[in-house]
Amino acid sequence: MQRIHISHQAIFSFAAIFFGKQHRQARITNMGFDLYGMVLQRLNKALSDPAYNTNDDLIYAVVTLSIMEMFISTGAGNHLKHMEGLERLLALRDHSSPCTLETAELYRSLRQMTLYPALRTRRASILARPEWKKQLREHVDSHDRLMQQELFDVLADCTVVIASRERIFSDPEKTPGTNRLGIIKLKEEALVLLDHLYSWRDRWDNDEEHEVTERPLSDNSLDPLGTDLQTDILPFDTTLEYLDDFSAITVMLYNIALIYVLHILALLTSPASPDQPKELSSTPPLQPAHTTKENILKDPLHLPNIWSSPLATDQSPNPLSPYILAQRAPILDICRSVPYHLIDSHRASSSTLHWALATIWIKLRGEESVVGRWVERVVRERNPLLVRTMRTLAQ
């Protein structure tokens with residue numbers, strides 16, 4: 001008798017744990033966790049089996065476990081561990097010959113789940129490799145879908161720049177002069193990505209089918225958190241609507257990519273922290289590398305929160321990097337698009353939306369800003385489960 005697929009067992013585990021938690025059924029919850037343990041054991045065994053470790057069943061199983069961690073965490077960082085495992089599974093695949101339509105679509109459905117952990121852990125993604133960029137374009141006959149793939153390519157290239165920057169800082173044998181040359185090269189690469197994104201947006205906006213409509217925001221104010229002070233006003237009074245879901249997702253992906261590229265440039269050019277040793281402050285990049293536990297998108301703590309403080313002007317004692325200020329526009333565009341994506345459960349299930357919510361939650365510094373509180377309120381009112389997903393991915 002043929003054994004049940006690992007992915008099917010993973011789905012049963014997810015369903016049992018989720019149902020048991022939601023309805024406070026301890027017996028069902030425990031049964032789900034027992035299944036979860038069996039799935040992990042079977043996965044570990046299958047990974048060492050060359051005859052099976054490239055089977056799609058393993059990919060489906062790992063994807064299921066990754067999604068489950070968004071709703072029911074079995075441990076800190078486990079969602080990242082499963083997503084990183086997914087990339088290791090993809091790395092086992094043979095790219096020497098063209099793939100089928102079904103396989104190409106499978107790969108494309110995994111792009112977000114592959115790139116997000118690579119960016120989060122500051123390592124180069126396999127999707128930045130030429131063979132992957134080529135394979136992700138197979139069986140695509142739509143100009144818009146090819147344009148969307150360009151954005152994934154930019155994000156994949158971001159992982160390479162970030163990983164290179166981390167290596168420069170972690171190598172004790174590199175001299176200040178070597179560091180400087182390395183950072184100059186990385187800045188040039190990031191500027192190329194920025195130019196590509198601006199060019200991409202011009203091409204996208206020139207198509208009438210990509211028209212965006214602005215709708216008045218019914219309430220553009222929100223009471224400050226935990227205070228009785230005067231109501232804060234949101235920095236926008238309209239939301240954005242799109243002609244179709246594909247366009248909405250693609251523009252959101254563009255804004256995610258733009259935020260990452262601008263953030264990378266800010267890290268490569270921003271002044272050092274006031275308490276950074278002088279002997280280090282003369283060696284670019286002036287911002288030190290992040291620890292492995294920090295999200296790369298988090299701004300250095302000494303920088304002001306542009307969402308709760310007056311914007312620093314050129315005449316200010318410590319003016320903000322133009323690359324930090326430039327992030328404001330794509331962040332607000334994502335915020336204004338959130339209501340459109342939460343109209344129904346189908347739109348709200350988009351992994352691009354989840355990624356975007358986590359991105360702006362980090363950049364807005366969560367509840368510290370009126371915009372962050374507005375985003376959380378909208379998400380909580382329309383799809384409460386997404387609040388946990390947003391917070392988990394933003395860790």
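Numerical summary
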| item | result |
| --- | --- |
| Single residue of V192, V161 found to be part of a helix (DSSP H, G or I), free of Cβ contacts under 8 Å to residues at least 12 places away in the same chain and either in the same structural domain as P130 (by TED's automatic domain parsing) or of a type outside the set (A, V, I, L, M, F, W, C) (or both) | V192 |
| Subset of the range 353-385 [at pLDDT 95 or above and among the β-branched types (V, I, T)] | T359, I360, I362, V375, V378, V379 |
| Out of A46, A51, A15, sole residue that is among the small types (G, A, S) and modelled with pLDDT of 95 or more | A15 |
| Count - residues of the range 48-82 that are more than 22 Å from H23 (Cβ to Cβ), assigned to a helix (DSSP H, G or I) and of a type in the set (A, V, I, L, M) | 6 |
| Condition broken by L65, with the remaining ones in (1) within 24 Å of E105 (Cβ to Cβ); (2) surrounded by fewer than 19 Cβ atoms within 10 Å (Cβ to Cβ) satisfied | (2) |
| Options E188, E166, E138, E173; residue that is at pLDDT below 95, among the charged types (D, E, K, R) and more than 30 Å from G77 (Cβ to Cβ) | E173 |
| Residue in the range 339-365 that is surrounded by the most Cβ atoms within 10 Å (Cβ to Cβ), counting only those that are charged (D, E, K, R) and not in a helix (DSSP H, G or I) | R365 |
| Pair list, Cβ < 8 Å and 6+ apart or interchain, from the range 97-119 residues that are in contact (Cβ under 8 Å) with a residue 12 or more places away in the chain and farther than 18 Å from E138 by Cβ to residues that are of a type in the set (F, W, Y) and in a helix (DSSP H, G or I) | Q112/W355; L115/F152; Y116/W355; L119/Y260 |
| Qualifying positions in the range 74-94 - among the small types (G, A, S) and closer than 19 Å to D57 by Cα | G85, A91 |
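The values are calculated or read from the model by the stated rules, or taken from the named source; none is laboratory data. As the structure is a computational prediction, the values presented were derived from the model and not from experiment. Because the Cβ atoms are built from the backbone with ideal geometry, glycine has one as well, and the counts that use them run over all protein chains shown.
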